[in-house]
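The values are calculated or read from the model by the stated rules, or taken from the named source; none is laboratory data. Just so we're clear, the structure is a prediction, and the values are computed from it rather than from any experiment. In this analysis, Cβ positions are derived from the backbone assuming ideal geometry, glycine residues included, and neighbour counts consider all displayed protein chains. We work out accessible area using only protein heavy atoms, side chains counted, and drop any ligands, DNA or RNA first. Shrake-Rupley method; radii C 1.70, N 1.55, O 1.52, S 1.80 Å.
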Amino acid sequence: DGQKQLPRGSYELPRLSELYGEPFVLQLKAVPYGRALELKDMADMELQTVLAGDDSGVWKNPELMERFEAATPAELVRALLLPGEIRAVAVAVEQLSGYRKAVLLPWAPPERGVQAAVAEEVAKN
């Protein structure tokens, strides 16, 4: 399946690291194209993107869900993260997925003159 090739990354949430006295690190992955299209039309797109981009199952962790009295992974995200953090995590997932970053660079063919001159030098020697 295409899941294996999806870009991944680890991101620390310093506020939660400070709160819990150990690094709070999220393992994130890009979302495939079809999923990205579905997410785009959801009312709670950022929250759903956080859930879709979870690569370690942290939001489905039964102990965490119990500790924060969260009935669903979405409730756990809302319990643990501030609104700005939800957005930041969603943006990180989008960036892994190729959105919100430069994925294309303008390309101009190299100057003909320089290459031709070098080629002539090489040919002479």
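Largest GNM mean-square fluctuation among 75, 63, 85, using the chain with Cα springs under 10 Å: 63. Between 0 and 90 degrees, the angle of helix 83-96 with respect to the longest Cα principal axis of the chain falls at about 40 degrees. Solvent exposure of residue 11, expressed as accessible area, is near 80 Å², computed with a probe of 1.4 Å over the protein chains only.
So how much accessible area does residue 56 have, in Å² to the nearest 10, using a 1.4 Å probe? Rounded to the nearest 10, that gives 70 Å².
The stretch between residue 87 and residue 6, if pulled fully straight at 0.36 nm per residue, gains 27.1 nm over its current Cα-Cα span.
Once the Cα atoms are used to define both axes, helix 112-124 deviates from the longest principal axis of the chain by about 60 degrees. Dividing the mean sequence gap of close Cα pairs (under 8 Å, 6+ apart) by how many residues the chain holds gives a relative contact order of 23 percent.
In this simple spin-label model, placing a label point 7 Å from the Cα along the Cα-to-Cβ direction at both residue 68 and residue 33 gives a separation of 3.3 nm. Per-residue ellipticity at 222 nm, computed for the chain from helices alone with -39500 (n - 2.57) per DSSP H run of at least four residues, works out to -14500 deg cm²/dmol. Rg of the Cα atoms in the chain, relative to 2.2 N^0.38 Å, amounts to 1.59. Annotated for the chain: lysine pairs at least 8 residues apart or interchain, Cα distance under 24 Å, count 9.
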